[in-house]
Each structure stands twice: as structure tokens, then as C-alpha cells.
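Read through the structure below, which is laid out as C-alpha cells, and then see the notes.
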Amino acid sequence: MSSIDLKNIVKKYGDGFPAVNDVSLDIKDGEFMILVGPSGCGKSTLLRMIVGLEDITSGDLVINGKRVNDLAPRDRNLAMVFQNYALYPHLTVFENIAFPLRLNKGGLEEGQIREKVNKAAAMLELKEHLERKPGNLSGGQRQRVAMGRAIVRDADAFLFDEPLSNLDAKLRGQMRTEIARMQRTMGITTVYVTHDQTEAMTLGDRVAVLKKGILQQCASPRELYEQPVNLFVAGFIGSPPMNFLPARVEGNRLKLPFVDVPLAGALAEKVRGKELVIVGIRPEHFKDATLGDAHAENAVRFSVPVDVTEWLGNEQYAYIPYEADPGVQAKLEELDRELDGEGMRTQMVVNLDSRSRVREGDDAELVFDPALMHVFDPESGACLTRDEDKARQIAEENEADRKRALERAKAREAAASKQPQDA
């Protein structure tokens with residue numbers, strides 16, 4: 001296991017464009033770190049610099065306290081799992097997994113190689129496939145073979161480059177579980193690149209969100225969701241994404257497209273002097289007021305016409321179009337492009353309880369708690385409602401949870417290893 005520190009890492013190509021620009025990260029021993037962002041944000045380039053497949057223009061890469069900028073990939077003792085599996089089609093599953101062990105001439109005896117391969121195959125449920133060729137396996141099985149090849153190397157860290165993007169939705173869900181279980185069981189430091197924010201939220205101890213080569217925020221999934229630092233992070237994390245609504249500041253109120261919201265306390269001070277802000281409200285924070293569920297004391301109730309509804313069994317989405325204020329239209333369109341959006345019409349998405357009887361064409365009675373909304377500066381994109389104390393508390397709880405999870409996994413592994421001896 002190992003810690004990986006990135007200190008002011010920069011990658012510039014021949015034209016001088018910084019694909020990665022001054023990124024600093026401290027990846028702890030045994031931590032699962034996710035690098036996430038839209039296409040072209042520099043996440044794969046950053047991963048390739050860690051493993052040694054890309055040169056570092058400036059900055060320091062430190063593994064276990066040792067600067068490794070000039071070390072060849074083979075000397076960094078890192079195991080990489082690629083998007084396309086990179087298996088040898090003419091070799092069996094056993095030989096594919098054993099391949100890195102056989103490269104080490106005279107390092108291991110045949111019995112030791114077989115023991116390591118069998119142990120990795122058992123962990124990944126591949127034992128019955130060891131004599132098969134990759135061409136006869138499913139996509140999920142081939143990805144597990146690639147993971148097995150990484151496991152037997154006894155590397156200091158695992159690096160994954162979008163390993164699940166070639167799989168269908170069901171297999172991606174299953175493989176996410178496999179990767180999470182393997183990482184916790186082995187307690188190995190892992191850096192994982194993905195453009196899928198669902199993978200990022202479900203797998204990562206911490207998630208580093210990148211935009212155009214610049215690190216926006218690195219935090220636990222919960223902190224990213226509840227305490228984003230800016231518009232970009234807030235818009236990237238969450239599915240369906242956060243609603244961004246223009247709001248006029250009029251005295252002690254915010255005038256949203258559908259309703260006025262009272263301003264009070266610290267937020268009133270932060271928006272003083274501004275004419276216009278952007279309000280972010282997550283779809284699930286809207287409720288159907290007619291269901292009679294408990295609402296916060298200061299909840300705001302309003303009526304809106306519903307354009308389209310989607311009923312999914314366990315939940316229902318309602319779509320409510322609106323005209324964006326010209327004062328923030330350009331900013332919202334820029335954000336949409338940054339998030340790989342399609343430039344569709346501005347609309348609010350509401351995630352309702354499946355019991356709701358709201359249907360398209362209806363006027364829906366909705367309610368939400370203003371304490372849950374985020375307010376952003378339309379010029380800088382900074383989140384004016386971020387609570388640093390709450391963010392710090394979330395980070396501390398997340399680190400404690402991570403350590404407990406590693407301890408539980410080690411205890412389970414120790415107990416399992418004793419069972420054959422006791423039998």
C-alpha cells in the first residue's frame with residue numbers, strides 16, 4: 001500500500017496548452033480516490049502521469065515519500081487496469097493473470113505463481129474460467145481478468161482508467177460492487193478515472209472534480225453534494241442535476257421564476273448589493289404539497305403548470321419550463337456547455353414521490369424548504385451558501401467511516417483465512 005501526493009502538477013503539450021493545470025492532491029494510504037469530470041477535463045492525462053505513461057511538465061509526484069517524476073512505469077510498482085482490458089487473446093485466463101508474474105524472470109516458482117493466480121481468481125469468481133480464452137468471456141468477465149492481473153502484482157496502488165465504460169448498465173452496477181469489495185478487502189490505494197458521476201458517488205472515499213485541467217473541489221461524495229464550492233461542481237454532481245434558477249434580489253426577498261423566497265441572516269448580507277443571483281435547488285427537495293407530508297416551518301409553497309411527467313415506479317419526475325432571466329442566460333448556457341449539455345430549453349426538474357397524482361398539463365402544488373437551496377454568484381460561480389463548518393464536519397466523519405470500513409474488511413479477511421485451518 002502507499003500514499004500518492006501530487007504537488008502542483010502541470011502537463012503542457014507542444015502548443016503550450018495546459019491539459020492539467022497546477023493540480024495538487026494528497027491520496028492517503030488505502031484511500032479510494034476518484035478523478036471525475038466531463039470529456040477533455042484532464043482526468044485520464046493526470047492518471048497517465050501518475051503511472052508514468054505521460055511526462056510531467058512541472059510539479060512533483062511523490063509515492064510513499066519518494067519523488068518519482070523520472071522513474072519509468074515499471075519502477076513505480078503501480079498496477080493499471082485499462083478501459084479496453086488489454087488482454088492477450090491467445091492466452092488462457094490463467095496465463096493472462098499470471099503474465100506479469102512470469103515477466104519477473106526467476107522471481108517466483110511455478111507453485112507460487114499458481115497460488116497467487118488461484119487466490120485472485122477466487123476473489124473475482126473466475127476459478128471455473130481459468131482455462132478459457134478471453135474471446136469466450138463476457139465483457140464483465142474480461143474486466144475481472146484484467147483486475148486479476150493487477151491483483152497478483154502486489155502493487156502499491158491500483159489505477160483504473162474508465163474500466164466500466166464498455167459494459168452495459170446492469171454489468172456496470174455489478175462491477176462497481178466487485179471493485180468496491182475488492183478495494184476494501186485488499187485495503188489498497190486506488191485512483192479511478194470516470195466520467196460517470198454515479199460511479200464517482202458510489203465508489204469514492206473522496207472525489208476530485210476537474211474542469212479544463214483545473215481541480216475544482218476534492219471532497220467526499222456527501223460534501224460535494226451538500227456543500228459544493230461553485231456552480232460547476234453543483235451542476236456536475238447529482239442525478240437528475242441541480243436546478244439553476246435566476247433570482248432577482250429585491251430588498252429582503254429573492255424573486256425566483258415561480259415564487260418569492262425570504263432572505264435572512266448571513267445570506268442576506270452576502271447578496272447585499274447584488275441585483276441578480278443564481279439559486280440552485282435539487283429536484284428531490286421539491287415536494288407535492290397535497291400529499292400532506294411534514295414540511296419545514298419556513299417552507300415555501302407555490303403552484304406551477306407541469307409540462308411533462310415521467311413515472312418510474314418508485315419516483316416520478318415532473319418537468320416545468322421557464323424563461324431564464326437575460327441577466328444570467330449567458331452564464332447558464334456556458335455552464336451547460338461545460339457540463340457537456342445539449343443546450344436544451346431551460347426547465348426545472350422536480351423529483352416527486354411515486355404517490356403523487358400530478359400529471360402533465362396539471363397545475364402542481366409544490367413546496368420546498370429555502371434552507372436547502374444553494375445561492376451562487378453569477379459572475380464568479382462561487383457558492384455563497386457553502387457552510388465551511390458543516391463541510392469540515394462531513395470531511396471528518398467521512399475519514400472516520402473510511403478507516404472503520406478498512407478495519408472491518410481486514411477483520412473479515414482474517415476470519416476467512418482462518419476457516420480452512422479450523423475445519
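Here are some notes:
- Applying 0.36 nm per residue to the separation of residue 411 and residue 317 and subtracting their alpha-carbon distance, the gain on full extension is 29.6 nm.
- Surface accessible to a 1.4 Å probe, per residue, for the residues of segment 5-45, Å²: 39 Å²
- Heavy-atom accessible surface of segment 336-398: percent carbon and sulfur, 1.4 Å: 42 percent
- Taking amide H positions as modeled 1.01 Å from N, with prolines and chain starts lacking one, the residues under 5 Å from residue 27 and 5 or more places away or on another chain are 4, 5, 6.
- Considering only alpha-carbon pairs that sit under 8 angstrom and 6 or more positions apart, the relative contact order computed for the chain is 16 percent.
- Fraction of accessible area attributable to carbon and sulfur, segment 67-158 (%, probe 1.4 Å): 46 percent
- Carbon + sulfur, % of accessible area of segment 191-248 - ligands and nucleic acids excluded, 1.4 Å: 51 percent
- Cα extents of segment 138-245 along the three principal axes, largest first (Å): 49, 29, 24
- Volume per residue of the convex hull around the Cα atoms, evaluated for the chain, comes out as 190 Å³.
- For segment 70-129, the share of alpha carbon pairs falling in successive 10 Å distance bins from zero is 20, 47, 29, 4, 0 percent.
- Percent of C-alpha pairs per 5 Å bin in segment 303-404, short distances first: 2, 10, 13, 14, 16, 16, 15, 9, 4, 1, 0.
- Net length available on complete extension from residue 185 to residue 270 is 26.0 nm, with 0.36 nm assigned per residue and the Cα-Cα distance removed.
- Qualifying lysines (Cα of each under 29 Å from Cα of residue 270; at least 8 residues distant if same chain): 211, 212, 255, 287, 331, 390
- Of the residues 305, 329, 318, the one whose Cα sits farthest towards the positive end of the charge dipole of segment 297-348 is 305 (charges of +1 on Lys and Arg Cβ, -1 on Asp and Glu Cβ, taken about the Cα centre).
- Nearest-ten-degree value, helix 169-186 long axis tilted from longest Cα axis of the chain: 60 degrees
- Projected label distance in nm at residue 395 and residue 171, using a 7 Å step from Cα toward the beta-carbon: 3.9 nm
- Solvent-accessible surface of segment 265-304, taken per residue with a 1.4 Å probe and all protein chains present: 53 Å².
- Spacing of the two label points (7 Å from each Cα toward its C-beta) at residue 372 and residue 60, in nm: 4.6 nm
- Under 15 Å from a label point set 7 Å out along the Cα-to-Cβ vector of residue 72, the amide N atoms of segment 101-127 belong to 103-105.
- Couplings for segment 370-378, taken from phi via the Karplus curve 6.51 cos²θ - 1.76 cosθ + 1.60 with θ = phi - 60°, read x, 5, 8, 7, 10, 10, 10, 6, x Hz in order; Gly and Pro are left as x.
- A straight Cα-to-Cα reach below 14 Å connects residue 43 with the aspartates and glutamates 22, 54, 161, 162, 196, residues fewer than 8 places away in its own chain not being considered.
- Exposed-site-free run, longest, the chain (rule: trypsin sites (Lys or Arg not before Pro); DSSP loop; at most 13 other C-beta within 10 Å): 106-271
- Converting phi to 3J(HN,Hα) with the Karplus coefficients 6.51, -1.76 and 1.60 and the offset θ = phi - 60°, segment 117-131 yields 5, 5, 5, 5, 5, 5, 4, 9, 6, 10, 4, 7, 10, 4, 9 Hz in sequence order, with x at every glycine or proline.
- Antiparallel bridges, percent of DSSP beta bridges restricted to the chain (to nearest 5): 75 percent
- 10 Å binning of all Cα-Cα separations within segment 36-174, expressed as whole percents from 0 upward: 11, 37, 33, 17, 2
- Surface per residue (accessible, 1.4 Å probe) for segment 137-226, Å²: 32 Å²
- For the chain, size of Cβ-based charge dipole, Lys and Arg +1, Asp and Glu -1, in debye: 1600 debye
The values are calculated or read from the model by the stated rules, or taken from the named source; none is laboratory data. All of these numbers come straight from a predicted model, not from anything done at the bench. Please note: Cβ atoms are built from the backbone with ideal geometry, for glycine as well, and neighbour counts cover all protein chains shown. Calculation scope for accessible area: heavy atoms of the full protein, side chains included, ligands and nucleic acids excluded. Shrake-Rupley method; radii C 1.70, N 1.55, O 1.52, S 1.80 Å.
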